[in-house]
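As structure tokens, the structure follows; a few thoughts come after it.
The values are calculated or read from the model by the stated rules, or taken from the named source; none is laboratory data. Quick caveat: nothing in here was measured; it's all calculated off a predicted structure. Positions of Cβ are generated from backbone atoms using ideal geometry, with glycine treated the same way; all protein chains shown enter the neighbour counts. Quick note on the areas: whole protein, heavy atoms, side chains included, nothing else; ligands and nucleic acids left out. Shrake-Rupley method; radii C 1.70, N 1.55, O 1.52, S 1.80 Å.
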Amino acid sequence: MEGVKTLMDTQKYRIERRYVAIRPNVRPGTRLSTGTPEFFVAHDSGNPGATADNHYAYFNSQTNRSASAHVFIDDTKILEIIPTGTGPEPAEKAWHVLYDVTTDNDLFGYDANDAAIGVEFCYGGRINFTEAYKRYVWYMAYCCSIWNKNPYVFIPSHRQLDPARRQDPDEALATGRKTLNQLLDDISTELNVMRTPRPTPNSSTSFAPLPATIAQSLIDNYVSPAWFASQAKGDQVGMTHFHNLANNLRVASGIPLASSSSPGPLIPLPKSNAQEIIFRWLSPAWFKARDEGNSARAKHFNNLANYLRRAAGIPEQ
């Protein structure tokens with residue numbers, strides 16, 4: 001998908017995906033070791049006046065410096081230049097925190113480059129701070145919603161991870177009279193809005209909770225066996241991915257997670273999760289049933305797929 005521009009409609013803002021070319025010093029093309037992001041590092045670009053597009057152009061042509069980030073956000077757009085996992089492509093590594101600074105390992109058990117996505121706030125010059133800030137807050141909340149993360153725990157600043165060298169995003173936030181604590185409060189508020197279902201029955205972006213029996217059946221029949229197959233191969237990335245996939249099914253259906261005794265707020269199933277289950281397991285099973293002339297079984301798999309589509313806000317087929 002290098003050089004290809006794709007857009008995804010979301011509840012409030014669009015996420016534009018225009019990926020830089022794969023090469024070792026900017027986008028190595030390898031997946032996060034955790035499969036999906038474990039945390040999100042708040043950065044600012046450090047280049048007042050430079051837009052998201054400016055940063056795409058810079059990193060897409062960069063050959064001498066090992067540095068990058070996943071996302072650049074200004075007052076007009078949210079631009080992912082390296083896959084983050086919010087879309088159909090799995091999250092990849094970027095070089096946004098120094099490896100030899102170990103604060104991230106101490107706090108999260110992982111190096112940020114291996115397990116986190118770096119989100120850059122563009123500011124200064126002709127960039128409207130308020131509009132850029134609103135998009136920055138929303139995107140961080142969106143990530144917390146997808147991966148069920150507490151922003152107060154899983155959004156460190158670059159300054160917190162590398163205090164001897166970095167001041168971001170504190171300096172950029174200060175230009176709009178904001179602090180890191182206010183940023184986290186605003187992300188939390190936005191997250192709560194996202195987690196409050198608003199019924200819009202005539203809208204293709206509405207979602208219906210996934211029935212718990214359906215979620216558990218999908219976990220038992222498909223996701224759990226895939227997790228054990230990954231375990232048998234020693235595939236830690238696969239194990240993490242299928243663990244998170246099962247948890248996202250639980251969250252979308254109100255099944256309490258293992259770490260909780262009660263269900264949390266219902267959250268739409270990520271579209272990428274729904275599509276993965278459909279294309280990995282349900283669609284092949286549907287074709288097999290159809291070819292065998294078993295219309296009842298084919299209808300069963302089609303119904304399962306539509307439950308997933310409704311839970312993710314995807315139009316039924």
Among 118-130, 207-219, the order from most to least packed when residues are scored by Cβ within 10 Å on average: 118-130, 207-219
Return the single residue from ALA298, ALA21, ALA67 with maximal mean-square fluctuation; model: Gaussian network over the chain, springs between Cα atoms under 10 Å. ALA298
In nm, spacing of pseudo-spin labels at ASN47 and VAL101 (7 Å Cα→C-beta vector): 1.9
Can you put ILE255, ILE78 in order of accessible area, largest first, using a 1.4 Å probe? ILE255, ILE78
Among all lysine pairs in the chain that are eight or more places apart or on different chains, how many have alpha carbons less than 16 angstrom apart? 7
Which far-off residues, 5 or more places away or on another chain, put their amide H under 5 Å from the one on GLY124, with H placed in the peptide plane? GLY49
Can you give the extra length, in nm with one decimal, that the chain gains between LEU257 and ASN54 once fully stretched, where that is 0.36 nm per residue apart less the Cα-Cα distance? 68.9 nm
Farthest toward positive dipole pole in the stretch 60-168 [+1 Lys/Arg, -1 Asp/Glu at C-beta], among THR84, GLY125, LEU98: GLY125
For the stretch 153-192, projected area of the alpha-carbon convex hull averaged over all directions, nm²: 3.0
If the only charges are +1 at each Lys and Arg Cβ and -1 at each Asp and Glu Cβ, what is the size of the charge dipole of the chain around the Cα centre, to the nearest 20 debye? 880
Could you sort TRP286, TRP281 by their accessible area in this structure, using a 1.4 Å probe and putting the largest first? TRP286, TRP281
Rounded if a/c is under 1.5, else prolate if a/b beats b/c, else oblate: with a ≥ b ≥ c from the C-alpha gyration tensor eigenvalues square-rooted, which is the stretch 1-149? rounded
Taking the dipole of the chain about the Cα centre (Lys, Arg +1; Asp, Glu -1; charges at Cβ), the one of SER61, TYR19, ILE314 that reaches farthest to the positive side is ILE314
Added length on full extension, which subtracts the Cα-Cα distance from 0.36 nm per residue, VAL153 to HIS300: 48.8 nm
Using unit Cβ charges (K, R positive; D, E negative) and no other charged atoms, how large, in debye to the nearest 20, is the dipole of the stretch 14-144 about its Cα centre? 460
Suppose each label sits 7 Å from its Cα in the direction of the beta carbon; what would the SER61-ALA212 distance come out to in nanometres? 5.7
Could you tell me the relative contact order of the stretch 17-147? Use alpha-carbon pairs under 8 Å, at least six residues apart, and round to a whole percent. 36
Relative contact order (%) - the chain, alpha-carbon pairs under 8 angstrom, separation at least six: 16
Helix 236-253 vs. the chain, principal-axis angle (Cα, 0 to 90°, nearest 10): 70
Using unit Cβ charges (K, R positive; D, E negative) and no other charged atoms, how large, in debye to the nearest 20, is the dipole of the stretch 86-208 about its Cα centre? 560
Rounded to the nearest 500, what is the 222 nm mean residue ellipticity of the chain from helices alone, with -39500 (n - 2.57) per DSSP H run of 4+ residues and division by all residues? -12500 deg cm²/dmol
Classify the chain as rounded, prolate or oblate, taking a ≥ b ≥ c as the square roots of the eigenvalues of its Cα gyration tensor: rounded when a/c is under 1.5, otherwise prolate if a/b is larger than b/c and oblate if not. prolate
